[in-house]
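The values are calculated or read from the model by the stated rules, or taken from the named source; none is laboratory data. All values derive from a computational prediction rather than experimental measurement. Glycine also receives a Cβ, built like all others from the backbone with ideal geometry; neighbour counts cover every protein chain displayed. Only protein heavy atoms, including side chains, enter the accessible area calculation; ligands, DNA and RNA are left aside. Shrake-Rupley method; radii C 1.70, N 1.55, O 1.52, S 1.80 Å.
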Amino acid sequence: MNHRYIIFHKPYGVLSQFTQESPKHITLKEYIDVPDVYAVGRLDWDSEGLLLLTNDGQLQHRLAHPRFGHQRTYWAQVERIPDIDAIHRLQRGVEIQDCRTRPAQVRLLLEEPSVVQRIPPIRFRKSIPTAWLEMTLTEGKNRQVRRMTATVGFPTLRLIRISIGNIQLNDLAPGQWRELTPLEVTKLNHSPEK
């Protein structure tokens, strides 16, 4: 079997699956016409960014299983400006859904990242500033970034995954996809086990 490895820049409002559950849902089928590939992990419909798809079951397992601790990096636009205490709490791990998150790399971005305007745009409130955090996690609990930022008092307004391991979203536009290079596949397959 020839394995396929695809990265896709998932737009806001698209489900991370090919099956349409209702006529109002937009799915991967609208963008990717490659048979028998499946998303590794998922991004919620209201999140954007890098989604990896493959038909390589072993790689899917390695990337999805918490034991391997693959890094996933996100840009989260949050309501208000997080203080140093909130950032330290996120770095140490917080309680969400009866569990404690693993320590994470978290930093406040001093400049807004260069991202495409979301459609629809986030709600804008003149009296409440927003900030961007860069967060690198080694686990993928349900809506984890959103739950973490809400727990420390800074709700996420927009969430974009920019990398999985060493695979970067870079300049891939929303709705575009490409095949991984052989070097990218090799690096993904040889990530160290935690």
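Of the residues making up the range 98-147, those that are among the hydroxyl-bearing types (Ser, Thr, Tyr) and open to solvent by 70 Å² or more (accessible area, probe 1.4 Å) number 2. Can you name the number of the only condition in (1) open to solvent by less than 20 Å² (accessible area, probe 1.4 Å); (2) closer than 22 Å to Leu15 by Cα that Trp177 fails? So Trp177 meets the others, but not (1).
Scanning the range 151-194 for residues that are among the hydrophobic types (A, V, I, L, M, F, W, C), part of a loop (DSSP other than H, G, I, E, B) and under 16 Å from the mean Cα position of the chain (by Cα) yields Leu169, Leu172, Ala173.
Quick check, is Gln168 touching a residue at least 24 places away in the same chain (Cβ under 8 Å), under 22 Å from Gln60 (Cα atoms), among the polar types (S, T, N, Q) and open to solvent by 70 Å² or more (accessible area, probe 1.4 Å)? Spell out how you get there, then give the answer.
Values: touching a residue at least 24 places away in the same chain (Cβ under 8 Å): yes; under 22 Å from Gln60 (Cα atoms): yes; among the polar types (S, T, N, Q): yes; open to solvent by 70 Å² or more (accessible area, probe 1.4 Å): yes.
In short, yes.
For the range 149-165, a residue qualifies if it is open to solvent by less than 40 Å² (accessible area, probe 1.4 Å) and in contact with a helix residue (DSSP H, G or I) (Cβ under 8 Å, 6 or more places away or on another chain), and the qualifying residues are Thr149, Val152, Gly153, Phe154, Thr156, Leu159, Ile164, Gly165.
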